[in-house]
């Protein structure tokens, strides 16, 4: 979650910094060895904190894992929302969103690989967690609203915005999880370029396509 550093006291900034150090250490260990084969003591040693300090931040390894997923999800969501909210036409903003995704996948590949290997057994639990980030619904809502705005302006065909948002975000999730296992920047750029062409060619009216 984005934090206004000016509004935080020095003590709060230090606590936030220590928390991020713990999350980074946990991500390195979980990614290398898996969730079950890493202990809280090992995470504390990797982060260079006492084990008691680690438990002061996180009551359990499960809580730490869930916070790791939430923290990364919030940062990805902020970046994607910025891409969708950038200046331009609806088509340009949708293209901007799709073009921003390879960079996000590359930056967060470790977490995505961990998600693939571990989060399946925890997904239902995360879904029930009221503190989980609302990234997926927020992105889907913004894509839907973008498509609806394009339809109203006559630049997009008259299709159901919910269906388009579901199709785009399902494609994005599938590509992201597939690429995270062995990220290739050139391949990622090519595949998302193809996704951009597929969706925009299907959305744009004949008059817009001729421009």
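Every number here is computed from the coordinates shown, using simple stated rules; none is lab data. Please read these numbers as outputs of a predicted model, since none were measured by experiment.
Worth a mention:
- Computed from Cα atoms, the angle from the helix 90-107 axis to the main principal axis of the chain rounds to 30 degrees.
- Taking the helices alone, the chain has a mean residue ellipticity at 222 nm of -24500 deg cm²/dmol, built from -39,500 (n - 2.57) per DSSP H run of at least 4 residues and averaged over all its residues.
- For the chain, the longest principal axis of the C-alpha atoms and the axis of helix 109-118 are separated by about 80°.
- The chain: relative contact order as a whole-number percent, Cα under 8 Å and 6+ apart: 22 percent
- The range 37-71 versus the range 162-201: alpha-carbon centroid distance in Å: 33 Å
- 5 Å-binned pair-distance histogram of the range 129-211 (Cα, whole percent): 3, 13, 20, 20, 18, 13, 8, 4, 1, 0
- Taking only Cα atoms of the range 1-59, radius of gyration then Dmax in Å: 12.7, 39
- Under a Gaussian network description of the chain, with springs only between Cα atoms under 10 Å, the residue in 89, 77, 186 that fluctuates furthest is 186.
- Relative contact order, percent, the range 1-59 [alpha-carbon distance under 8 Å, six or more residues apart]: 28 percent
- Against the chain, whose longest principal axis comes from its Cα atoms, helix 161-180 is set at around 50 degrees.
- Cα gyration tensor category, rounded, prolate or oblate, for the range 1-117 with a/c compared to 1.5: oblate
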